[in-house]
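Here, each number is a calculation from the coordinates, and none is a lab measurement. Keep in mind it's a predicted model, so treat the numbers as computed, not measured. Quick reminder, even Gly has a Cβ in these numbers, built from the backbone with ideal geometry, and neighbours come from all protein chains shown.
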């Protein structure tokens, strides 16, 4: 039962990391934070080649690690985008739907079918989602009547699918191929840094090429950039006219400062948040290694279901810390989603 100890430890550490991440995202964008924490984790994991032979992997295994890492990077960024724009007790519980997504993916991929137990668990998850999403005056899901709310949750939907696929790859790597978790972690964050770094450069090129100067209140609106570029990169752009709850008030001087040299302003922001970023980096290493260790001796879906209990811990503590609305109903919904994840599994080692 050591896998259960590792999985629960991963859940608790993941909850702690999520609360700190939400605090950091009051001051940084999701993309900036994703690159910063990945670079710091890579710096720590650079010690791995000193004690392990990271270059002795078969080419097929290396391709699997790189592909899985690319999916993980996209999923992580999507989660950060959702966490940046939503209350923590609304964004994180929806990640508990991952076992359901994995079950649906297994139907066409593995030729499996869902039994009554799985359908009942999915019904519980829908009920939990209803508790999280329902507004006090609404009779049905808010997303049915408000397309804008559905758009806000699209990053979580994408992350669910990517996490479901990457969990299968984790099982293959550490259980079937017997790759040490630290080697996986080392290559994973090389890919993370490359992807997030490239996106930062692309964002800065876009900003310098297309972004208009600060618009005064009485000035006419600037024409949008061609090819819909603003719509594509807008989620990753720095906020210039609004602020998240708890963040510093956006002034003309602050907005002009954001137009300064990219590297200088980015490094300044990172240094200001360095203690919290370092804490997230260390906790992230710990919970990812714990999850991979648990996956050695238990089905990947089961480990993922146990780890997803972190949504209950993070929603309860983070919701109280950040004064989220309707916290009791959201925590009940999170508990329903996390508990239902166990009933989706048919093969328990």
Note the full-extension length gain between residue 278 and residue 56 as 0.36 nm times their separation in residues minus their Cα-Cα distance, in nm to one decimal.
-> 76.9 nm
Label-point gap, in nm, between residue 210 and residue 297 - each point 7 angstrom along Cα→Cβ = 5.2
Of 77-86, 314-323, 274-283, 47-56, ordering from highest average Cβ density within 10 Å down gives 77-86, 314-323, 274-283, 47-56
Gain in span if fully extended, residue 119 to residue 328, counting 0.36 nm per residue against the direct Cα distance | 72.7 nm
10 Å-binned pair-distance histogram of the range 280-336 (Cα, whole percent) | 22, 38, 31, 9
Treating each Cα of the range 1-59 as an identical point scatterer and ignoring solvent, apply the Debye formula and state log10 I(q)/I(0) at q = 0.17, 0.26 Å⁻¹.
-> -0.86, -0.99
